[in-house]
Amino acid sequence: MQQSDIIVVGGGMVGAASALSLAQLGLKVTVLERNEPKAFSMEQPFDLRVSAISTASENLLRDLGAWQQIMDWRLCPYRRLGVWESELAYAEFDADSIRLPHLGHIVENRLIQLALWQQIKHHDNVEIVLGQEISNFNQDGEGVTLTTSSKTFSAKVILAADGANSMIRTLAGIGCTGWNYSQSAMLINVETQRPQQDITWQQFFPSGPVAMLPMPGNSASLVWYNSREKIKQLAQMNSDELTDEIHKTFPKRLGGVKVIDKAYFPLTRQHANQYQKGRVLLLGDAAHTINPLAGQGVNIGFKDVKMLSTIIASAIGEGKCWHDFSILAQYEKTRRPDNLLMMSAMDGLYATFSNNSALLKVVRNIGLFAAHRAPLVKSKVLKYACGL
Ligand SMILES: Cc1cc2nc3c(=O)[nH]c(=O)nc-3n(C[C@H](O)[C@H](O)[C@H](O)COP(=O)(O)OP(=O)(O)OC[C@H]3O[C@@H](n4cnc5c(N)ncnc54)[C@H](O)[C@@H]3O)c2cc1C
């Protein structure tokens, strides 16, 4: 039997960050992960899966020793964020207004995971075990035992960071509430004629927004939200046809582009009914999947990581039993309301902008027009989006 303090199931961005942050507290951690991420080399084209990483997430990754490696590989900072529906009601948010050098960075998900794995591999307290299919786990007052087809693992606590379809969540009997949005999102990597910009922008249409995330060099990641049928239709086009559709639909400020790669995802919202059941804790997408409209998914996952390690660190510091149920319960108590607020804010935004009513269109454009001219409101919204 392999024994540790904590088993983390899922070595994605959130699982790897939680394993490392708890190992830094002196706990022994075992990470079970299905797939090893492909090693990075500079010649590789950009991955389609990228995230807008907030300042708070950057700080966490820096504390974990992974940020410098990501900067040495590749990322793209942005200083401004533009949002509009009608060009007359354009709202722009700027890093200067909250005295920050930038609002965030666009980073490929795999590079975040790889940089964390690199740190894990140098850490004596963490071991990554690959390719074990979990069959079950049991828990009692003392700890948890997790079995796979060939091994048994035991620990005080299991962290489920195994994504939206979390097997641990199901085995623990934790239900979810949620729904599928009627839309899908297509991610498109493009080469741009215009040089790289320091802005990420989003234009809203009743059929769904279109967004541009800048990437290093003359590249960008476009996000196109629309009905499932329309996105399916776009996915069947060849690169030239899709390039034409982008030029017809995206705002002129994008300039000329050439499609390099594309993929699409259904949009779902899902929230676990509990984040803790005995010795099982859910983090990241295993606990919540959110509309990606404002690029907050992994950022709130990283906030879960930060909060859990803060709670456990202070229990250890005060000489308390860090895996006592009353300590573990503090995690759900702090994170659930915060995540719910972010999920509801995204849903409010989504519902407001996907409505075709002429009256609502006037109201939301007045809202954006006013927001552009209200520095206090803007800086509050910005700080919230940056996780500060
Ligand atoms: C279109 C789109 C755009 C997005 N854009 C952004 C953005 O700009 N900013 C942002 O913050 N977020 C964004 N997100 C959300 C973000 O991608 C997710 O929140 C994030 O990937 C969740 O990370 P995670 O580590 O919790 O889960 P995952 O990334 O799903 O990782 C789960 C890991 O667990 C492993 N695993 C699963 N089951 C098992 C098992 N049984 N045994 C062992 N291992 C297992 C998997 O292999 C995987 O490595 C976007 C999402 C979508 C769909």
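A few remarks follow.
- Filtering Gly256, Gly278 for residues that are surrounded by fewer than 16 Cβ atoms within 10 Å (Cβ to Cβ) and at positive phi leaves a single hit, Gly278.
- The set of residues in region 131-182 being out of contact with any Ser or Thr (no Cβ under 8 Å at 6 or more places or on another chain), of a type in the set (A, V, I, L, M) and away from the ligand (no atom under 14 Å from the Cβ) consists of Val157, Ile174.
- Every residue from region 222-244 that is among the small types (Gly, Ala, Ser) and within 22 Å of Gln202 (Cβ to Cβ): Ser227, Ala235
- Restricting attention to region 279-294, the residues being modelled with pLDDT of 95 or more and either outside the structural domain of Gly143 (by TED's automatic domain parsing) or in a loop (DSSP other than H, G, I, E, B) (or both) number 3.
- All positions within region 229-262 that are in a helix (DSSP H, G or I) and either closer than 19 Å to Pro45 by Cβ or not assigned by TED's automatic domain parsing to the domain that holds Val210 (or both): Ala235, Ser239, Asp240, Leu242, Thr243, Ile246
- Number of residues in region 150-193 that are touching a helix residue (DSSP H, G or I) at 6+ places or on another chain (Cβ under 8 Å) and among the charged types (D, E, K, R) equals 2.
- If only residues of region 97-119 that are in a loop (DSSP other than H, G, I, E, B) and surrounded by fewer than 19 Cβ atoms within 10 Å (Cβ to Cβ) are counted, the one that is farthest from the ligand (Cβ to nearest atom) is Arg99.
This table checks each residue for (1) more than 22 Å from Trp179 (Cα to Cα); (2) out of contact with any helix residue (DSSP H, G or I) (no Cβ under 7 Å at 6 or more places or on another chain); (3) not aromatic (Phe, Trp, Tyr).
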{"residue": "Arg253", "(1), (2), (3)": "yes, yes, yes"}
{"residue": "Asn273", "(1), (2), (3)": "no, yes, yes"}
{"residue": "Val280", "(1), (2), (3)": "yes, no, yes"}
{"residue": "Ala286", "(1), (2), (3)": "no, no, yes"}
{"residue": "Asn291", "(1), (2), (3)": "no, no, yes"}
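- Residues that are among the acidic types (Asp, Glu), closer than 30 Å to Glu142 by Cβ and touching a strand residue (DSSP E or B) at 6+ places or on another chain (Cβ under 9 Å) are absent from region 245-264 altogether.
- Note on region 128-138: among residues that are over 24 Å from Arg62 (Cβ atoms) and surrounded by 17 or more Cβ atoms within 10 Å (Cβ to Cβ), the one that is farthest from the chain's Cα centre (by Cα) is Phe137.
- Being under 21 Å from Asn59 (Cβ atoms), of a type in the set (A, V, I, L, M) and within 10 Å of the ligand (Cβ to nearest atom) is a property that Ala286 lacks.
- Verdict on Asn218 being of a type outside the set (Phe, Trp, Tyr) and in contact with a Ser or Thr (Cβ under 7 Å, 6 or more places away or on another chain): yes
- Looking at Gly208, Gly217, Gly173, just one residue is free of Cβ contacts under 8 Å to residues at least 60 places away in the same chain, in contact with a strand residue (DSSP E or B) (Cβ under 9 Å, 6 or more places away or on another chain) and assigned to a loop (DSSP other than H, G, I, E, B), and that residue is Gly217.
- Test: residue in region 232-241 that is of a type in the set (Lys, Arg) and without any contact (Cβ under 8 Å) to a residue 60 or more places away in the chain: yes
- Some residue of region 242-265 being within 23 Å of the chain's Cα centre (by Cα) and at pLDDT below 95: yes
- Listed by position, the strands (runs of 3 or more DSSP E) inside region 120-168 whose residues that are closer than 25 Å to Phe325 by Cβ and modelled with pLDDT of 95 or more number at least 3 are 144-148, 152-155, 157-160.
- Being within 19 Å of Glu108 (Cα to Cα) and assigned by TED's automatic domain parsing to the domain that holds Val8 holds for only one residue in Gly173, Gly163, and it is Gly163.
- Applying the criterion of at least 3 residues that are closer than 30 Å to Val210 by Cβ and more than 11 Å from the ligand (Cβ to nearest atom) to the helices (runs of 4 or more DSSP H) found wholly in region 1-85 leaves 55-63, 67-73.
- Checked against (1) touching a residue at least 24 places away in the same chain (Cβ under 8 Å); (2) within 20 Å of Gly82 (Cα to Cα); (3) more than 17 Å from the chain's Cα centre (by Cα), Pro292 passes all but a single condition, namely (3).
- Test: residue in region 348-361 that is at pLDDT 75 or above and either part of a helix (DSSP H, G or I) or aliphatic (A, V, I, L, M) (or both): yes
- Every condition in (1) loosely packed, with under 15 Cβ neighbours inside 10 Å; (2) assigned by TED's automatic domain parsing to the domain that holds Ile70 is met by Pro206 except one, and the failing one is (2).
The values are calculated or read from the model by the stated rules, or taken from the named source; none is laboratory data. Quick caveat, the model's predicted, so the values are computed rather than measured. Note: ideal-geometry Cβ built from the backbone for every residue, glycine included; neighbour counts use all protein chains shown.
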